[in-house]
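Written out below as structure tokens is the structure these notes cover.
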Amino acid sequence: MKRSIIILSTLVAFFVFSSTSCENEPSTQIKAIESSIYNQIKAHRLVSDPNDNLVHQYVMVQEAQLYSASMAFGIQEVDTSGIDPHWAILHDKFGGTNDLTLVQSIISSATAQEIVQIWKDNPETNSLLLLDYSQCGAGVEISNGIAYVTVLMMLVE
């Protein structure tokens, strides 16, 4: 009986103390394709700089997801003309410089490797991918067989 009480009180204490959080931020679910896009970009950057410090930033993922959704639902064209409010949110949270926004629409069955390869094959976007950034977030929204992709990158000192 004593053993059961000790186990029960340990479990209660664990759940009480582990379930509290100081964060009021909503959680961001990072899709597998979004992680894969980040991993492809990171791998590409590591080839040219083995000390690359690019991290996957969940707040940037959230803003990229919102922008991809606005493209998927026809609120925004597949371009960067409406990205400024998203960058304003990110700059309020982190500061940062060297903003880069990449967008594209592609068939929903495309892999992360195929998505990133499109940017790597274009000399202009390829050189942009290799500039000085420390934070990255990828967002993907699928609608009617099309994947709408947004990648945000910036430097935070």
Condition set assigned to a helix (DSSP H, G or I) and not aromatic (Phe, Trp, Tyr), scope the stretch 46-61, selection surrounded by the most Cβ atoms within 10 Å (Cβ to Cβ): answer is Met60
Within the stretch 126-157, the residues that are surrounded by fewer than 17 Cβ atoms within 10 Å (Cβ to Cβ), in contact with a helix residue (DSSP H, G or I) (Cβ under 8 Å, 6 or more places away or on another chain) and of a type in the set (Ser, Thr, Tyr) are Ser143
Note to self: For the stretch 42-52, check the following and say yes or no: at least one residue is under 12 Å from Leu152 (Cα atoms) and touching a strand residue (DSSP E or B) at 6+ places or on another chain (Cβ under 8 Å).
What the structure shows: no
For the stretch 33-48, pairs from a residue that is more than 17 Å from Ala64 (Cβ to Cβ) to a residue that is among the hydrophobic types (A, V, I, L, M, F, W, C) and outside any helix (DSSP H, G or I), with Cβ under 9 Å and 6 or more apart or across chains, are His44/Leu130; Arg45/Leu54; Arg45/Leu130; Leu46/Leu54; Ser48/Leu130
* Asked: Can you find even one residue in the stretch 22-41 that is in contact with a strand residue (DSSP E or B) (Cβ under 7 Å, 6 or more places away or on another chain), assigned to a helix (DSSP H, G or I) and closer than 19 Å to Glu157 by Cβ?
  -> no
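Rule-based calculations on the coordinates, nothing more; no lab input. Predicted model only: the values in this text are computed from it and were never measured. Glycine gets a Cβ as well: all are built from the backbone with ideal geometry, and neighbour counts include every protein chain shown.
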